[in-house]
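Q: Have a look at this one before I ask anything.
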Amino acid sequence: MKHMTETVSSVLGTPEEWTNPLRDPRDLRLPRIAGPCSIVIFGVTGDLSRKKLLPAIYDLANRGLLPPSFGLTGFARRDWTEDYFKDFVKENVQAHCRTPFKEATWKQLADGIRFVQGTFDDPKAFERLSNTVAELDRDRGTRGNHAFYMSVPPRAFPQVSRQLADCGLAKSDKGAWRRVIIEKPFGHDLASAKELDRVVSEVFDPSSVFRIDHYLGKETVQNILALRFANAMYEPIWNNNYVDHVQITHAEDIGVAGRAGYYDGIGAARDIIQNHLLQLMALTAMEEPVSFSAADLTAEKTKVLSAVHLPKDLAAHTARGQYAAGWQGSHEVVGYLDEKGIDPASTTETYAAIRLDVDTRRWAGVPFYLRTGKRLGKRVTEIAVVFKPAVRIDRDEGTRQERDRHSRATRRGRDHAFRREGAGWHIHGSTRRIDGFRLWPFVHRIVARSVRTLDS
């Protein structure tokens with residue numbers, strides 16, 4: 001046996017030197033199965049967990065992408081038994097999973113399911129959680145690899161992080177890892193976001209913190225990159241010479257749907273606009289990155305967002321509102337203030353819209369309209385790039401009149417771009433459009449000199 005081991009080592013090299021070619025991350029023929037690990041979900045009884053997280057975990061297991069020893073621990077304040085929690089998970093998995101439900105897959109997953117009852121301010125509850133995680137390491141072979149998913153209101157992030165640090169779950173032994181996944185929104189303003197980032201970074205290593213926007217994982221969102229940069233036909237017209245404005249809409253036909261505790265006090269603007277829609281706007285407006293790595297994509301999106309400015313008159317270019325009682329399809333629905341768990345005096349908006357401008361060479365003068373709302377006519381997420389109307393050149397009288405009208409409008413725009421001063425013509429304003437072309441400040445003098453020469 002010793003001779004055989006030495007022979008194999010001489011052929012393959014030491015474990016540090018040898019790599020399995022079948023596990024090459026560039027090889028997409030084989031699924032990349034996760035190693036031994038578990039996940040702890042805080043707020044496991046919430047809407048996000050029931051409809052998204054738990055079914056997604058089952059789908060991964062059903063596709064063979066989770067290890068057989070995978071563990072799932074739910075943390076909530078409800079006084080449930082472990083068996084009751086398993087029934088709860090099974091019910092929501094069957095209702096929302098995207099792959100066929102298989103009893104064999106469920107039994108394998110259910111063996112690793114645990115439940116810890118407690119509140120975020122109870123140190124004893126986190127001690128029980130620590131013991132449960134240690135039990136999974138011992139009985140299921142998770143090897144100290146644990147992820148903590150905070151499906152809770154943002155105000156609870158610091159408290160949960162500190163409790164994890166106090167009970168020793170935030171740090172891992174050598175060779176194991178810890179991950180913390182934090183959903184948006186992250187704070188309620190810049191100051192609170194920085195403070196929250198400071199607290200989380202003190203507890204967890206920054207490389208172990210995943211501040212996610214689940215919207216970016218949608219296939220339709222990722223396809224924007226292919227539409228933008230894999231189709232060269234769009235590049236010549238993807239600018240302010242041809243685009244009139246851009247509308248980015250996220251509409252829902254449902255109400256708060258039992259998420260009153262999360263939604264009230266956050267609202268549509270913080271929940272959707274500052275996260276989802278700003279990301280969609282950045283993907284639409286950004287320049288082509290050097291590569292599609294995370295760092296290069298972030299660099300290009302940062303350039304776009306740094307060039308965004310708010311309109312001077314916010315009252316004229318923003319809108320907020322709440323849905324009232326009425327009919328949604330064929331069903332009568334209550335208003336926002338009458339929803340269960342909503343404060344009758346709440347001023348939280350369920351509809352929000354804003355106009356933004358991007359001060360870049362490509363997009364100067366093109367308004368971006370971002371809007372979102374609940375209880376609207378239909379459920380849709382779309383980016384509408386509206387191009388300027390083209391002038392048809394036909395022989396009929398109506399079209400000829402339209403062409404003449406457009407020509408007069410062009411001349412008026414040209415005349416307004418200049419004003420007479422003294423002996424010559426001078427260009428005024430930061431940017432002006434002359435016969436359909438946009439002139440930027442650094443060429444103003446050149447154009448002005450040319451006009452003076454012609455004028456003289």
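The values are calculated or read from the model by the stated rules, or taken from the named source; none is laboratory data. Since the structure is predicted, the reported quantities are computational estimates derived from the model, not experimental observations. Glycine also receives a Cβ, built like all others from the backbone with ideal geometry; neighbour counts cover every protein chain displayed.
Let's see how each residue does on (1) modelled with pLDDT of 95 or more; (2) over 19 Å from I272 (Cα atoms):
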position	(1), (2)
V334	no, yes
L337	no, yes
K340	no, yes
A345	no, yes
R355	yes, no
G365	no, yes
G377	no, no
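Q: Look at A170 and say whether it is crowded, with 18+ Cβ neighbours inside 10 Å, small (G, A, S) and either outside any strand (DSSP E or B) or under 20 Å from the mean Cα position of the chain (by Cα) (or both). Walk me through how you get there before you give the answer.
A: Numbers: crowded, with 18+ Cβ neighbours inside 10 Å: yes; small (G, A, S): yes; either outside any strand (DSSP E or B) or under 20 Å from the mean Cα position of the chain (by Cα) (or both): yes.
For A170, the condition - crowded, with 18+ Cβ neighbours inside 10 Å, small (G, A, S) and either outside any strand (DSSP E or B) or under 20 Å from the mean Cα position of the chain (by Cα) (or both) - is met.
Q: Take the residues in region 198-223 that are among the hydrophobic types (A, V, I, L, M, F, W, C), at pLDDT 80 or above and outside any loop (DSSP other than H, G, I, E, B), then tell me which one is farthest from V160 (Cα to Cα). Don't jump to the end; show me each part of the working.
A: Taking region 198-223 first, the residues among the hydrophobic types (A, V, I, L, M, F, W, C) are 199-200, 203-204, 209-210, 212, 216, 221.
Okay, now just the ones that are also at pLDDT 80 or above, so 199-200, 203-204, 209-210, 212, 221.
Narrowing further to those that are outside any loop (DSSP other than H, G, I, E, B): 199-200, 203, 209-210, 212, 221.
Working: V199: 11, V200: 10, V203: 10, V209: 14, F210: 15, I212: 17, V221: 31 Å.
Filtering first and then ranking leaves V221.
Q: Restricting the search to region 96-134, which residues are more than 26 Å from F157 (Cβ to Cβ), free of Cβ contacts under 8 Å to residues at least 40 places away in the same chain and in a helix (DSSP H, G or I)?
A: Passing the criteria: E103, A104, K107, A110.
Q: May I pose another question? Here is a list of conditions, (1) farther than 22 Å from L54 by Cα; (2) in contact (Cβ under 8 Å) with a residue 24 or more places away in the chain, and G141 meets all of them except one; can you say which number that is?
A: In the conditions (1) farther than 22 Å from L54 by Cα; (2) in contact (Cβ under 8 Å) with a residue 24 or more places away in the chain, G141 misses (1) alone.
Q: Also, I was wondering about something else. Would you mind stating whether K90 is surrounded by fewer than 17 Cβ atoms within 10 Å (Cβ to Cβ), in contact with a helix residue (DSSP H, G or I) (Cβ under 9 Å, 6 or more places away or on another chain) and either more than 21 Å from V133 (Cα to Cα) or among the aromatic types (F, W, Y) (or both)?
A: Here the answer is no, as K90 does not meet what is asked.
Q: Check T350, T360 and return the single one that is within 20 Å of R228 (Cα to Cα) and surrounded by 13 or more Cβ atoms within 10 Å (Cβ to Cβ). Break it down into steps so the answer makes sense when it comes.
A: Working: T350 fails: within 20 Å of R228 (Cα to Cα).
Matching residue, one of T350, T360: T360.
Q: Let me ask something else about it. Residues in region 183-195: is at least one modelled with pLDDT of 85 or more and surrounded by 18 or more Cβ atoms within 10 Å (Cβ to Cβ)?
A: Among the residues of region 183-195, not one is modelled with pLDDT of 85 or more and surrounded by 18 or more Cβ atoms within 10 Å (Cβ to Cβ), which makes the answer no.
Q: Are any of the residues in region 49-71 among the small types (G, A, S), surrounded by fewer than 23 Cβ atoms within 10 Å (Cβ to Cβ), more than 27 Å from the chain's Cα centre (by Cα) and outside any helix (DSSP H, G or I)?
A: yes
Q: Right, something else. Suppose we filter region 31-48 for residues that are in a strand (DSSP E or B) and of a type in the set (A, V, I, L, M); how many remain?
A: In the first step, residues of region 31-48 are kept if they are in a strand (DSSP E or B); the result is 38-42.
Filter again for of a type in the set (A, V, I, L, M), leaving 39-41.
The qualifying residues number 3.
Q: Output the residue which, of all residues in region 27-48 that are closer than 24 Å to P100 by Cα and touching a Gly at 6+ places or on another chain (Cβ under 6 Å), is surrounded by the most Cβ atoms within 10 Å (Cβ to Cβ).
A: It comes out as V44.
Q: Which residues, counting only those in region 214-250, are closer than 18 Å to T372 by Cα, among the hydrophobic types (A, V, I, L, M, F, W, C) and without any contact (Cβ under 8 Å) to a residue 40 or more places away in the chain?
A: The answer is none; no residue qualifies.
Q: Against the definition (basic (K, R), touching a strand residue (DSSP E or B) at 6+ places or on another chain (Cβ under 9 Å) and either closer than 30 Å to S192 by Cβ or crowded, with 17+ Cβ neighbours inside 10 Å (or both)), how does R228 come out, yes or no?
A: Working: basic (K, R): yes; touching a strand residue (DSSP E or B) at 6+ places or on another chain (Cβ under 9 Å): no; either closer than 30 Å to S192 by Cβ or crowded, with 17+ Cβ neighbours inside 10 Å (or both): yes.
No.
Q: Anything in region 250-288 that is among the hydroxyl-bearing types (S, T, Y) and more than 14 Å from P154 (Cα to Cα)? List them, or say none.
A: Filtering region 250-288 down to residues among the hydroxyl-bearing types (S, T, Y) leaves 262-263, 284.
If the condition is that a residue be among the hydroxyl-bearing types (S, T, Y) and more than 14 Å from P154 (Cα to Cα), then T284 is the only one that fits.
Q: If I ask for residues that are of a type in the set (F, W, Y) and at pLDDT 85 or above, which ones from region 224-274 would you list?
A: Initially, region 224-274 is screened for residues of a type in the set (F, W, Y), giving 229, 234, 238, 242, 262-263.
Of everything in region 224-274, those that are of a type in the set (F, W, Y) and at pLDDT 85 or above turn out to be F229, Y234, W238, Y242, Y263.
Q: Picking from G175, G168, which residue would you name as being at pLDDT below 85 and in the same structural domain as P55 (by TED's automatic domain parsing)? Before you say what the answer is, go through the steps one by one.
A: Details: G168 fails: at pLDDT below 85.
From the options G175, G168, the qualifying one is G175.
Q: I would also like to ask the following. Could you tell me which of the residues T81, T105 is more than 20 Å from A176 (Cα to Cα), buried (at least 19 other Cβ atoms within 10 Å of the Cβ) and of a type in the set (S, T, Y)? Lay out the reasoning, then the answer.
A: Numbers: T81 fails: buried (at least 19 other Cβ atoms within 10 Å of the Cβ).
After ruling out the rest, the residue left standing is T105.
Q: Which residue is surrounded by the most Cβ atoms within 10 Å (Cβ to Cβ), if the candidates are limited to region 135-167 and must be in a loop (DSSP other than H, G, I, E, B) and within 23 Å of the chain's Cα centre (by Cα)?
A: Let us first name the residues in region 135-167 that are in a loop (DSSP other than H, G, I, E, B), namely 140-145, 151-153, 167.
Checking which are within 23 Å of the chain's Cα centre (by Cα) leaves us with 151-153.
Values: S151: 21, V152: 24, P153: 16.
Looking at residues that are in a loop (DSSP other than H, G, I, E, B) and within 23 Å of the chain's Cα centre (by Cα), I get V152.
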